[in-house]
1. Would you tally the residues in segment A:39-87 being part of a helix (DSSP H, G or I) and either within 14 Å of A:LEU26 (Cβ to Cβ) or basic (Lys, Arg) (or both)?
2. Condition first: in contact with an Asp or Glu (Cβ under 9 Å, 6 or more places away or on another chain) and more than 7 Å from chain B (Cβ to nearest Cβ). Can you find one or more residues in segment A:133-142 that meet it?
3. Could you please let me know if A:ALA25 is within 16 Å of DNA strand C (Cβ to nearest atom), among the small types (Gly, Ala, Ser) and surrounded by fewer than 18 Cβ atoms within 10 Å (Cβ to Cβ)?
4. Can you tell me how many residues within segment A:106-120 are buried (at least 22 other Cβ atoms within 10 Å of the Cβ) and either of a type in the set (Phe, Trp, Tyr) or touching a residue at least 60 places away in the same chain (Cβ under 8 Å) (or both)?
5. Checking the conditions here, which among A:VAL79, A:VAL63, A:VAL68 is within 25 Å of A:ASN126 (Cβ to Cβ), surrounded by fewer than 18 Cβ atoms within 10 Å (Cβ to Cβ) and hydrophobic (A, V, I, L, M, F, W, C)?
6. Looking at (1) away from DNA strand D (no atom under 16 Å from the Cβ); (2) part of a helix (DSSP H, G or I); (3) farther than 15 Å from B:LEU195 by Cα, which is the one condition that is false for A:LEU133?
7. Cβ-Cβ under 6 Å, sequence separation 6+ or interchain: first residue in segment B:121-138 and of a type in the set (Val, Ile, Thr), partner in a helix (DSSP H, G or I). Which pairs?
8. What's the total number of residues in segment B:52-61 that are away from chain A (no Cβ under 14 Å) and away from DNA strand D (no atom under 12 Å from the Cβ)?
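The values are calculated or read from the model by the stated rules, or taken from the named source; none is laboratory data. These numbers were taken from a predicted model, which means no experiment stands behind them. Because the Cβ atoms are built from the backbone with ideal geometry, glycine has one as well, and the counts that use them run over all protein chains shown.
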2 protein chains.
Amino acid sequence: MLESTGRGRRGRRRILSEDEILDAALTLVDEGGPSAASVRGIAARVGVAPNAVYTYFPDKAAVFSALVERLLGDVNHDVFADRTQPWRRRVESLALELRQQLAAHPGAVPLLISSPMNGPHALALNERVLELLTDAGLDSADAARASYLLIAYVFGSIALEIAGVDKPGSLPPETERIAGRHRALSTALADRYPLSAAAAATVAGYISTEQYLWGLHRLLDGIITTSPHVPDSR
Amino acid sequence: MLESTGRGRRGRRRILSEDEILDAALTLVDEGGPSAASVRGIAARVGVAPNAVYTYFPDKAAVFSALVERLLGDVNHDVFADRTQPWRRRVESLALELRQQLAAHPGAVPLLISSPMNGPHALALNERVLELLTDAGLDSADAARASYLLIAYVFGSIALEIAGVDKPGSLPPETERIAGRHRALSTALADRYPLSAAAAATVAGYISTEQYLWGLHRLLDGIITTSPHVPDSR
DNA sequence: ACCTGAACACCGTTCAAGT
DNA sequence: ACCTGAACACCGTTCAAGT
């Protein structure tokens, strides 16, 4: 990727960039999920032969992991990084921004869920979460475990949300998603799974984002219980 | 699937069963993840022509979702279902059994993560979690949100664990996985991501199961804070 | 150095035909 | 009713060739 920049160029000039390829890949992923983003499809979209893609990325997996990195990099960190804010607000902001970014690209969620989280943006994110939890007053051991808990919850709930959708495409609006879940459960299953049906009905009274935040704050409550002297900052 | 059983049979007899196909699919998934379990590969493994599979399942997606259902059905519910046990122990047991089942089939985790959770076993599981939380003293609204939180955490942490592995195959033993994470972070990145490196070192002092349980119990602590009169049962 | 056409070894799925 | 061979429309990736 880098070694061609500095040297004296010879031969043909590059006709496109890594970013243009990622743009094409993201469009296809948005439209139909990972399976819809074939190397051939990407190449067609940017107007080159399929094998030209291999000049920019070693293989398809590299395209996908670069795409995941870019999506993580586009998450808004403003409030999260602001150390003058109360820490609960900072965590909440990050959780919401991450969720929003993934909700904007539901087709990419399967990629994110199963990606190794070892790119620079992923590591930077983890680093900042640890920083924040240390700021909040946790010792380094608790901060490490708490950040794991936090990230697992955020990713898990996003995965659950996407999994309910029939097929990639775009995520229907919250109200429709809730109605759908309600419908699916209450139609014929209420007698077999009464509690689940009741739960769906209850949850339908709240918008899903509130449920997400409820879980987040219960989780933060739990983290605080181990370090009783952490100021709550609520 | 069912309609052929009751009628008078005519024509050729079935040469295999849905279960045999799922066995073959699971073997391939265990060996190389979802992408290694092709319809053609499954057919070859049970000794039929590729298209014979379509007599048993309408398409490949149906094979995968039946496989997910079976894996969920094989989770041990004994302690979890035992209402004489303290509720914390019951939740812990379920969380550990689920984790163990998925750790035994890491290649299947991507399937589980992105599956809609609408099969009978998935619903039954959700139903029992709600039952348990209600038993514990939560009202139905809190039980609904708490079960969502719980399930999101379990799935998310399992996803994170699997995502770190280079390629499907079998999950290396915990000690090796921890060492690997430690190595990956501390090698050259310690100066750029000091907190992450320190966190990896700290966590390496614990086995990963303990970290998982730590998160689970913090989460339960947090759930309790909303319903102050729930007996803790620890 | 980058791009191309052609090829290789695969896919999931369908269809007409056999028993 | 179930299974088969053959085919269709795809894949990701490689390789030799052009500029």
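1. The number of residues fulfilling the criteria is 17.
2. Scanning segment A:133-142, I find at least one residue that is in contact with an Asp or Glu (Cβ under 9 Å, 6 or more places away or on another chain) and more than 7 Å from chain B (Cβ to nearest Cβ), so the answer is yes.
3. no
4. Summing the residues that are buried (at least 22 other Cβ atoms within 10 Å of the Cβ) and either of a type in the set (Phe, Trp, Tyr) or touching a residue at least 60 places away in the same chain (Cβ under 8 Å) (or both) in segment A:106-120 gives 2.
5. That would be A:VAL79, the only listed residue that is within 25 Å of A:ASN126 (Cβ to Cβ), surrounded by fewer than 18 Cβ atoms within 10 Å (Cβ to Cβ) and hydrophobic (A, V, I, L, M, F, W, C).
6. (3)
7. B:VAL129/B:SER147; B:THR134/B:ALA143
8. 1
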